[in-house]
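The values are calculated or read from the model by the stated rules, or taken from the named source; none is laboratory data. Just so we're clear, the structure is a prediction, and the values are computed from it rather than from any experiment. We place every Cβ from the backbone using ideal geometry, glycine too, and count neighbours over all the protein chains shown.
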Amino acid sequence: MINYLTKTFRIADVIQLGETPGRNTGNLAAVFDDGSKRMYACREGEGVAPEVQAWAEAVGYQPVPLAVTEEDGRASTDMASVLFLGTGFALVCLDALRSEQDQDTLLDDLVAANRKVIAISYAQRKRFITGIMEVATHYGEPVVVLSETFHNSLLPGQADALSSFATLLPVSWDEAGPWGAGISPAAFFTAVSLEKIVS
């Protein structure tokens, strides 16, 4: 993958996290808050996974471990499907955070950052995974690009709350294109915004 990317894009730095042989690290997705330099990740033991800890240290963020639970009670390693941080809002599946202490930690951080909390359900979470991204127009107007599937799952109050912060732009990401079927907004905008070094 790295070899492919270096032929197409200009890469300033590569962080090699590595893995313990024989260890299944799963997704290990984390959520970064640039303002507070905090990194929200799934709890492992008393902290976060070693790979996540190394990642946080490499980029200068403080890891915040939260115990994420699937609907059937299994532990999850995918924080990105539970939390999305926008400029003035946060989408959170609080049901997946069954520890009151973890909920309080996260909610206190969100309040301190002046973010409005918009709660989503387990069912919506399944349609939400990586299906949303906040961008801005050339005029600085905020736009929330989100998957059509997730947009259609929003309740009127949730949609109203979200649209009070930005224009909503639902897009179907299920159609196959040059990047393949089911690409997420984050992956799409990363692909089109990176500085290409070959035409």
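Regarding Leu106, is this residue under 22 Å from Glu44 (Cβ atoms), touching a residue at least 60 places away in the same chain (Cβ under 8 Å) and out of contact with any Ser or Thr (no Cβ under 7 Å at 6 or more places or on another chain)? Lay out the reasoning, then the answer.
Numbers: under 22 Å from Glu44 (Cβ atoms): yes; touching a residue at least 60 places away in the same chain (Cβ under 8 Å): yes; out of contact with any Ser or Thr (no Cβ under 7 Å at 6 or more places or on another chain): yes.
So Leu106 fits the description; yes.
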Study note, to complete from the structure: The number of residues in the stretch 45-84 that are part of a loop (DSSP other than H, G, I, E, B) and among the aromatic types (Phe, Trp, Tyr) is 1
Check your understanding: Of (1) assigned by TED's automatic domain parsing to the domain that holds Ala166; (2) part of a strand (DSSP E or B); (3) in contact with a helix residue (DSSP H, G or I) (Cβ under 7 Å, 6 or more places away or on another chain), Val143 satisfies all except one. Which?
Key -> (3)
**Study point:** Tabulated pairs, the stretch 34-45, first under 11 Å from Gly60 (Cα atoms), second at pLDDT below 90, C-beta under 6 angstrom, 6+ apart or interchain
**Key:** Met39/Ala30
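Within the stretch 29-42, can one find any residue that is in a loop (DSSP other than H, G, I, E, B), at pLDDT 75 or above, at negative phi and among the acidic types (Asp, Glu)?
Restricting attention to the stretch 29-42, the residues satisfying the condition of being in a loop (DSSP other than H, G, I, E, B) are 30, 34-37.
Next cut, at pLDDT 75 or above only: 30, 34-37.
Now restrict to residues that are at negative phi: 30, 34-36.
Now restrict to residues that are among the acidic types (Asp, Glu): 34.
Within the stretch 29-42, one or more residues are in a loop (DSSP other than H, G, I, E, B), at pLDDT 75 or above, at negative phi and among the acidic types (Asp, Glu).
Anything in the stretch 96-135 that is outside any helix (DSSP H, G or I), buried (at least 16 other Cβ atoms within 10 Å of the Cβ) and not polar (S, T, N, Q)? List them, or say none. First the steps, then the outcome.
In the first step, residues of the stretch 96-135 are kept if they are outside any helix (DSSP H, G or I); the result is 97-99, 113-121, 129-135.
The next check asks that each one be buried (at least 16 other Cβ atoms within 10 Å of the Cβ); those that pass are 97, 115, 118, 120-121, 129-134.
Within the stretch 96-135, Leu97, Arg115, Ile118, Ile120, Ile129, Gly131, Ile132, Met133, Glu134 meet the criteria.
Which residues, taken from the stretch 136-148, are surrounded by 16 or more Cβ atoms within 10 Å (Cβ to Cβ) and without any contact (Cβ under 8 Å) to a residue 40 or more places away in the chain?
Of the stretch 136-148, the ones surrounded by 16 or more Cβ atoms within 10 Å (Cβ to Cβ) are 144-147.
Hits for the stretch 136-148 are Leu146, Ser147.
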